[in-house]
Structures are given as structure tokens and as C-alpha cells.
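The values are calculated or read from the model by the stated rules, or taken from the named source; none is laboratory data. Everything numeric here is computed off the predicted structure, so don't read it as measured data. Cβ coordinates were reconstructed from backbone atoms using ideal geometry, including for glycine residues, and neighbour counts include every protein chain displayed. Keep in mind that these areas ignore ligands, DNA and RNA; they rest on the heavy atoms of the full protein, side chains included. Shrake-Rupley method; radii C 1.70, N 1.55, O 1.52, S 1.80 Å.
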Amino acid sequence: RQRERDRWFAATLESIADAVVAVDLDGRVFFMNPVAEGLTGVPATDGVGRPAAEVLRLAVPSAGEVELPVLQALRRRDIVVLPE
């Protein structure tokens with residue numbers, strides 16, 4: 001039964017129209033869906049296992065490349081609460 005749920009969940013993430021990148025607590029990518037591959041230009045086979053900072057880049061024209069907010073939160077072990 002768990003295997004069936006895992007397959008359903010994976011199929012959902014693969015087919016969603018938004019980019020999905022899952023990162024572990026060490027900041028390494030462990031999942032990328034096809035939309036994320038297209039946006040980053042990095043195939044999942046190359047991105048999985050790499051530090052997210054290498055796969056996902058955020059550039060601000062006035063500041064150059066900056067640390068991703070999600071990686072900042074992981075590094076600081078912050079708890080993020082979404083507004084209601």
C-alpha cells in the first residue's frame with residue numbers, strides 16, 4: 001500500500017505544471033520534476049545529489065547572485081510560517 005502511495009505521489013509531482021525541487025536538510029537536491037529541469041536547464045539525473053545552490057541560482061540585477069531564501073532557512077534551521 002505504501003508503494004502505491006509513493007507511486008501516486010511521484011506521478012503527481014511529475015505532472016504538476018509548476019517547478020518542484022525537493023531539498024534535504026543538507027541543502028542537496030533529491031527530487032526535480034520536468035518543469036524544474038526546464039527552468040534550470042539541469043536534468044534531474046545531473047541535479048539530484050548536488051547542492052541546491054549549484055542547481056538553483058537566484059540573481060538580482062543590482063546585487064548579482066544571492067543565496068536562495070530556502071537555503072538560508074535550512075542553514076539557520078528557521079521555521080517558516082506561511083501567512084494565512
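Of all residue pairs spaced 6 or more apart or on separate chains, none has beta-carbon atoms under 6 Å together with a first member in the stretch 12-41 that is touching a residue at least 60 places away in the same chain (Cβ under 8 Å) and a second member that is open to solvent by 50 Å² or more (accessible area, probe 1.4 Å) and of a type in the set (Val, Ile, Thr).
Could you check the stretch 5-27 and list, in sequence order, the residues that are in a helix (DSSP H, G or I) and touching a Phe, Trp or Tyr at 6+ places or on another chain (Cβ under 9 Å)? Scanning the stretch 5-27 gives Ala10, Leu13.
Yes/no matrix, rows are residues, columns are (1) farther than 26 Å from Phe9 by Cα; (2) at pLDDT 90 or above; (3) touching a Phe, Trp or Tyr at 6+ places or on another chain (Cβ under 8 Å); (4) loosely packed, with under 13 Cβ neighbours inside 10 Å:
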site: Phe31; (1), (2), (3), (4): no, yes, no, no
site: Val35; (1), (2), (3), (4): no, yes, no, no
site: Asp46; (1), (2), (3), (4): no, yes, no, no
site: Leu58; (1), (2), (3), (4): yes, no, no, no
site: Ser62; (1), (2), (3), (4): yes, no, no, yes
site: Pro69; (1), (2), (3), (4): no, no, no, yes
site: Ala73; (1), (2), (3), (4): no, no, no, yes
site: Val80; (1), (2), (3), (4): no, no, no, yes
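Which of the residues spanning the stretch 19-29 are over 15 Å from Arg75 (Cβ atoms) and either among the small types (Gly, Ala, Ser) or surrounded by fewer than 16 Cβ atoms within 10 Å (Cβ to Cβ) (or both)?
Ala19, Val20, Ala22
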